[in-house]
Amino acid sequence: MQAYTSGGGSSTWSNTARAIVPLLNPPTIAAATPISSTQIRLDWTDDNDPPVPFQIERKPAGGQWLQIATQPGWRAPTLPAG
């Protein structure tokens, strides 16, 4: 890392640091239940300790994956269908 000043000066480089980041466990999907013509309820078990947030994505037919929600690991969301 290096610090910069607004006048264009910079510090020397800091020492090197390393960290090992553990991989997260994927959720165990218990159910995807339609609750109306426009909503789906997802239920899952977060297999991480402590629980972690999840990014929820969907892929329309012929389209690209899009993130549609972020939910805490301890809470199951209700999402728009489609």
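Looking at the chain as a GNM with Cα springs under 10 Å, which of 34, 53, 22 has the largest mean-square fluctuation? Taking springs between Cα atoms under 10 Å, the residue moving most is 22. In this structure, the amide hydrogen of residue 54, modeled 1.01 Å from its nitrogen in the peptide plane, lies closer than 5 angstrom to those of 71, 73, counting only residues at least 5 positions away or on a different chain.
Rounded to whole numbers, the Karplus 3J(HN,Hα) couplings from phi for region 36-42 are 6, 6, 10, 9, 10, 9, 9 Hz, using 6.51 cos²θ - 1.76 cosθ + 1.60 with θ = phi - 60°, and x at Gly and Pro.
Based on DSSP loop calls and a cut-off of at most 13 other Cβ atoms within 10 Å, the longest stretch of the chain free of exposed chymotrypsin sites (Phe, Trp or Tyr not before Pro) is what?
Answer - 14-64.
Every read-out reported here was derived from the displayed coordinates using simple, explicitly stated rules and does not represent laboratory data. Quick caveat: nothing in here was measured; it's all calculated off a predicted structure. Glycine also receives a Cβ, built like all others from the backbone with ideal geometry; neighbour counts cover every protein chain displayed.
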